[in-house]
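Colleague: Here it is: the structure, laid out below.
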There are 2 protein chains.
Amino acid sequence: MSKLLVFGHQNPDTDTIASAIALTYLLNELSIAAEAVALGKPNAETKYVLDYFRVDQPRIIETASNETDAVVLVDHNEKQQSVSDINEVSIKGVVDHHRIANFETSDPLYYRAEPVGCTATILLKLFKEYEVTIPNHIAGLMLSAIVSDTLLLKSPTCTSEDVRAAEELADIVGVSLDEYGLEMLKAGTDITSKTPEEILNDDAKTFPMGSETVRIGQVNVVDIEDILVQKKDILETMRQETRENDYDLYVLLVTDIIESNSVAIVDGPAYRQFEIAFEKPLQLNTVDLEGVVSRKKQVVPPLNNAFKREN
Amino acid sequence: MSKLLVFGHQNPDTDTIASAIALTYLLNELSIAAEAVALGKPNAETKYVLDYFRVDQPRIIETASNETDAVVLVDHNEKQQSVSDINEVSIKGVVDHHRIANFETSDPLYYRAEPVGCTATILLKLFKEYEVTIPNHIAGLMLSAIVSDTLLLKSPTCTSEDVRAAEELADIVGVSLDEYGLEMLKAGTDITSKTPEEILNDDAKTFPMGSETVRIGQVNVVDIEDILVQKKDILETMRQETRENDYDLYVLLVTDIIESNSVAIVDGPAYRQFEIAFEKPLQLNTVDLEGVVSRKKQVVPPLNNAFKREN
């Protein structure tokens with residue numbers, strides 16, 4: 001077997017980058033040759049985290065099969081979120097916290113998923129099970145992943161295991177969870193230099209639902225108005241991407257990380273399914289979603305159900 | 001959430017029944033309401049095991065959604081091997097050691113798979129991780145599952161983890177691994193009272209491969225001739241089932257548990273794919289497969305590759 005490439009999903013977020021690096025560290029400590037790579041550039045929040053803990057950005061790959069035949073996935077499993085040539089390589093392992101779909105292997109593999117808020121929370125268990133000490137910088141990345149995925153433990157995806165893991169990791173790193181966490185989240189909300197394309201795509205995922213294709217982006221902000229003033233340009237970009245990619249529904253979730261609320265900007269031929277899912281009419285392509293901060297837990301399941309009922 | 005139903009695959013074998021009972025015991029100890037059930041009657045080997053350790057046969061269910069909305073799968077994940085109404089219930093967890101295919105959920109779940117020889121080997125880890133003591137009768141079932149799935153540690157699916165787990169469980173039970181193991185395997189090879197339908201179906205699974213459907217049964221014997229003398233009747237039954245179910249390929253693996261060899265009886269329109277997969281011509285619908293004892297590791301992957309190449 002050639003060296004394992006370990007990577008998370010496209011449009012990498014902090015959990016995807018941090019978990020690839022942390023799992024690779026664990027594998028290397030267990031004498032398994034592995035390299036953490038990424039399917040895109042780190043976002044502003046992740047850059048802040050890597051700088052803070054003085055860890056190099058992982059090498060970015062376009063394809064995997066040109067350099068290995070064996071990969072390990074973190075923080076995702078669905079093929080359309082993975083490397084473009086995922087069907088050409090053998091998936092040896094997965095560590096993830098999402099639903100399982102569009103995933104298939106020919107051979108048995110190591111698959112570890114738990115319904116917790118963050119991949120890094122599962123990795124902390126693995127470090128303990130394999131009795132590998134977590135160095136300071138790896139603990140820092142894992143802590144940052146939990147803060148990012150749970151919006152500083154406030155998302156409904158956050159479980160008591162995530163809270164315990166974050167506290168334990170903050171102890172190892174020697175930082176205040178609240179202070180470091182807020183500072184880190186704020187570092188990720190600077191959209192002043194971002195184009196509409198970047199706002200839409202920096203944290204976007206594509207989901208097959210029923211027979212249709214749904215694109216859902218999310219952007220964290222400290223003031224939702226900063227995005228809403230650009231609504232016209234954002235909608236224009238959404239429409240162009242919808243035409244180019246045959247999306248049936250395009251959603252941008254604009255999330256206020258201080259107040260834990262979101263506004264959704266919605267477009268696409270299947271926009272009615274969004275109204276059905278949330279039992280709310282769109283007003284000029286937007287709708288307030290009070291208390292909604294989690295794409296995975298509060299947006300994907302109701303949309304999935306709406307599309308299922310339609311079929 | 002209503003009570004979890006915990007079950008293994010159709011045509012239950014010893015690992016499927018034992019692992020459902022063992023995982024249910026673990027869940028109950030963790031104060032999670034769960035009941036082990038089965039998708040069919042235990043086979044002769046499993047009956048011997050249940051009698052030996054004085055454990056009741058699990059209740060047999062036809063459907064799950066009439067009594068619960070939440071299930072846990074052991075020893076399988078593919079829908080066509082599961083309960084008939086698997087799409088009507090929510091899969092909360094899986095503990096398995098097979099490839100992942102035809103599996104999909106709407107929500108995140110607990111999924112634990114490792115490429116080891118037996119589900120019970122993974123369960124032994126879970127008992128340790130959750131610090132639950134394994135009582136004698138549960139250890140006996142888990143030991144039997146490992147003996148069954150690895151043909152007393154001789155199958156190529158058997159890993160060093162299975163060997164260690166079997167030795168540890170035999171110590172807990174207080175039996176000789178070799179003596180108990182051989183006695184148990186022999187108890188499962190009595191085919192004198194079996195019809196061709198039972199020989200074919202008692203341990204059979206259906207696999208989608210490419211766009212085709214492959215049925216693979218397996219029967220353990222101490223003398224392969226006991227089956228070959230019935231070849232005419234078995235082939236006739238294969239052909240009838242192939243017509244009724246639109247199988248493209250039907251394989252019966254007849255495995256000598258003493259010598260660790262198999263003879264395959266093969267029929268169906270796609271029989272050429274079998275010859276391609278094993279690079280051997282069939283002779284009157286049979287072929288010797290020296291050293292082959294594992295359907296999962298030595299039969300499914302080469303067949304899968306043959307069907308993939310065809311498409």
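Colleague: Please state the shape class of segment A:4-187: rounded when a/c is under 1.5, otherwise prolate if a/b exceeds b/c and oblate if not, all from the C-alpha gyration tensor. Could you put the intermediate results ahead of the total?
Modeller: Details: a/c = 1.58, a/b = 1.52, b/c = 1.04.
The shape class here is prolate.
Colleague: While we're here: Over all pairs of distinct alpha carbons, what does the Kirkwood formula give as the hydrodynamic radius of chain B, in Å?
Modeller: Details: mean 1/r = 0.0506 Å⁻¹.
Averaging 1/r across every pair of different Cα atoms and inverting gives 19.8 Å.
Colleague: Most fluctuating residue of A:Leu143, A:Leu151, A:Leu26 in a GNM of chain A with Cα springs under 10 Å: which is it?
Modeller: A:Leu26
Colleague: Same structure again: To the nearest µm²/s, what D does Stokes-Einstein give for segment B:184-311 at 10 °C and 1.306 mPa s, using the Kirkwood radius over alpha carbon pairs as Rh?
Modeller: D, rounded to a whole number, is 109 µm²/s.
Colleague: Roughly how many nanometres apart are two label points built 7 Å out from the Cα toward the Cβ at B:Glu290 and B:Gln80?
Modeller: Between B:Glu290 and B:Gln80, the label points sit 3.3 nm apart.
Colleague: Quick check on the protein assembly as shown: what are the equivalent-ellipsoid semi-axes from the Cα gyration tensor, as sqrt(5λ), descending, whole Å? Each step should come with its number before you reach the end.
Modeller: Details: eigenvalues 430, 147, 103 Å².
Three semi-axes, in Å: 46, 27, 23.
Colleague: Rg/Rh for segment A:237-311: what does it come to with C-alpha atoms and Rh from Kirkwood?
Modeller: On the way: Rg = 12.2 Å, Rh = 12.7 Å.
With Rg and the Kirkwood Rh in hand, the quotient comes to 0.96.
Colleague: Further question on the same structure: For segment B:27-128, state the semi-axes of the equivalent ellipsoid (square roots of 5 times the eigenvalues of the alpha-carbon gyration tensor), sorted largest first and rounded to whole angstrom.
Modeller: Equivalent-ellipsoid dimensions as semi-axes: 21, 18, 15 Å.
Colleague: Put a point 7 Å out from Cα along the line to Cβ at B:Glu67; what are the distances to that point in the other copies, in nm, shortest first?
Modeller: Taking the point 7 Å beyond Cα along Cα→Cβ, the inter-copy spacings are 5.3 nm.
Colleague: Taking the Cα atoms only, what angle lies between the long axis of helix B:119-129 and the longest principal axis of chain B, rounded to 10 degrees?
Modeller: Orientation of helix B:119-129: about 20 degrees from the principal axis.
Colleague: Measuring nothing but label to label, 7 Å from Cα along Cα→Cβ, what are A:Asn28's distances to the other copies in nm, shortest first?
Modeller: The answer, with the shortest distance listed first, is 4.7 nm.
Colleague: Still on this structure, please answer the following. Go through B:Ile138, B:Pro281, B:Phe127 and say which Cα lies farthest out towards the positive end of the charge dipole of chain B; charges sit on Cβ, +1 for Lys and Arg, -1 for Asp and Glu.
Modeller: It is B:Pro281, whose Cα lies furthest towards the positive end.
Colleague: On average, how many beta carbons from a partner chain sit within 10 Å of the beta carbon of a residue in B:91-102?
Modeller: Counting other chains' Cβ atoms within 10 Å and averaging over B:91-102 gives 3.
Colleague: For the pairs B:Lys186/B:Lys297; A:Lys186/A:Lys232; A:Lys3/A:Lys297; B:Lys3/B:Lys41; B:Lys41/B:Lys186, flag any whose C-alpha to C-alpha distance is greater than 27 Å.
Modeller: With Cα atoms farther than 27 Å apart: A:Lys3/A:Lys297.
Colleague: With charges set only on the Cβ (+1 for Lys and Arg, -1 for Asp and Glu), what does the dipole of the protein assembly as shown come to about its Cα centre, in debye to the nearest 20?
Modeller: 440
Colleague: List the distances, in nm to one decimal, from the label point of A:Glu225 to the label points of the same position in every other copy, shortest first, placing each label point 7 Å from Cα along the Cα-to-Cβ direction.
Modeller: 9.2
Colleague: Between helix A:160-173 and chain A, what is the angle of the helix's C-alpha long axis to the longest principal axis, kept within 0 to 90° and rounded to the nearest 10?
Modeller: In chain A, helix A:160-173 runs at an angle near 50 degrees to the longest axis.
Colleague: Shifting gears a bit: Of B:Gly140, B:Gly291, B:Gly188, which has the largest mean-square fluctuation in a 10 Å C-alpha GNM of chain B?
Modeller: B:Gly291
Colleague: If you take every residue apart from A:His97 with its C-beta less than 9 Å away from the C-beta of A:His97, what net charge results, scoring Lys and Arg +1 and Asp and Glu -1?
Modeller: After counting each charged neighbour, the total is -4.
Colleague: Which of these, A:Glu114, A:Glu236, A:Glu279, has the largest mean-square fluctuation under a Gaussian network model of chain A (Cα springs below 10 Å)?
Modeller: Greatest mean-square fluctuation among the candidates belongs to A:Glu279.
Colleague: Rounded, prolate or oblate for segment A:182-238? Axes are the square roots of the Cα gyration tensor eigenvalues, ordered a ≥ b ≥ c, and the cut-off for rounded is a/c under 1.5.
Modeller: Values: a/c = 2.59, a/b = 1.54, b/c = 1.69.
Here segment A:182-238 falls in the oblate category.
Colleague: While we're on this one: Specify the angular offset, from 0 to 90 degrees and rounded to the nearest 10, of the alpha carbon long axis of helix A:231-245 from the longest principal axis of the alpha carbons in chain A.
Modeller: The helix A:231-245 is inclined about 70 degrees to chain A.
Colleague: Using r as the Cβ-Cβ distance of A:Asp226 and A:Arg309, and R0 as 41 Å, what FRET efficiency do you calculate, to the nearest 0.05? Intermediate results must be reported in sequence, preceding the final value.
Modeller: Details: r = 35 Å, r/R0 = 0.86.
Efficiency computed from Cβ-Cβ geometry: 0.70.
Colleague: May I pose another question? Please average, across the residues of B:108-120, the number of beta carbons from any other chain that are within 10 Å of each residue's own beta carbon, and give a whole number.
Modeller: 5
No value in this document is a laboratory result; all are computed from the given coordinates. The structure displayed is predicted, hence computed values, not measured ones. FYI the Cβ positions are ideal-geometry reconstructions off the backbone, even for glycines, and counts take in every protein chain you see.
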